[in-house]
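Written below as structure tokens is the structure these notes are about.
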Amino acid sequence: DENKYADNSHANERVWSDLVQEFLALRKSTEALLKSFFDKDLEQSGMASNSHISVLAICFIIIGHAEHHLNILRERYLVG
């Protein structure tokens, strides 16, 4: 539950620059993981949330999901 997670994240008690650095570190590690895949790895598929999906599709979802959250930050907190 994303709302319960947010309520217990203590994000409002953290320093903005620390949150930014944490995000950048996570993003960098995700990029390193995705770059480590070979074409044959990306072609693999399996089940996730009762749906058939490929590794390549999950990579796109990960990238898109990060962009989604960045857009929320821009819209809600970085206005003006």
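Details
- For the range 37-80, the Kirkwood hydrodynamic radius comes to 12.2 Å, computed from all pairs of different C-alpha atoms.
- Only protein atoms count toward the accessible area here, which uses a 1.4 Å probe; on the chain, the carbon and sulfur part of that area reaches 57 percent.
- Around the amide H of Phe37, modelled in the peptide plane, lies no amide H under 5 Å away from a residue 5 or more places distant or on another chain.
- In this structure, Ala57 and Ser29 have a Cβ-Cβ separation that, at R0 = 22 Å, corresponds to a calculated FRET efficiency of about 0.60.
- The chain, Cα convex hull volume normalised per residue, Å³: 120 Å³
- Helix-only arithmetic for the chain: the sum of -39500 (n - 2.57) across DSSP H runs with n ≥ 4, divided by the residue total, places the mean residue ellipticity at 222 nm at -21000 deg cm²/dmol.
- Checking every one of the GluC sites (Glu not before Pro) in the chain against DSSP loop status and a limit of 15 other Cβ atoms within 10 Å picks out Glu43.
- Qualifying chymotrypsin sites (Phe, Trp or Tyr not before Pro) for the chain [loop in DSSP, other Cβ within 10 Å: at most 10]: Phe38
- Taking a Cβ cut-off of under 14 Å around His10, the surrounding Lys, Arg, Asp and Glu residues balance to a net charge of -2, with basic ones at +1 and acidic ones at -1.
The values are calculated or read from the model by the stated rules, or taken from the named source; none is laboratory data. These figures come from a predicted structure and were not determined experimentally. Backbone-built Cβ (ideal geometry, glycine too); neighbour counts: all protein chains shown. Just the protein is used for accessible areas: all its heavy atoms, side chains included, with ligands, DNA and RNA removed. Shrake-Rupley method; radii C 1.70, N 1.55, O 1.52, S 1.80 Å.
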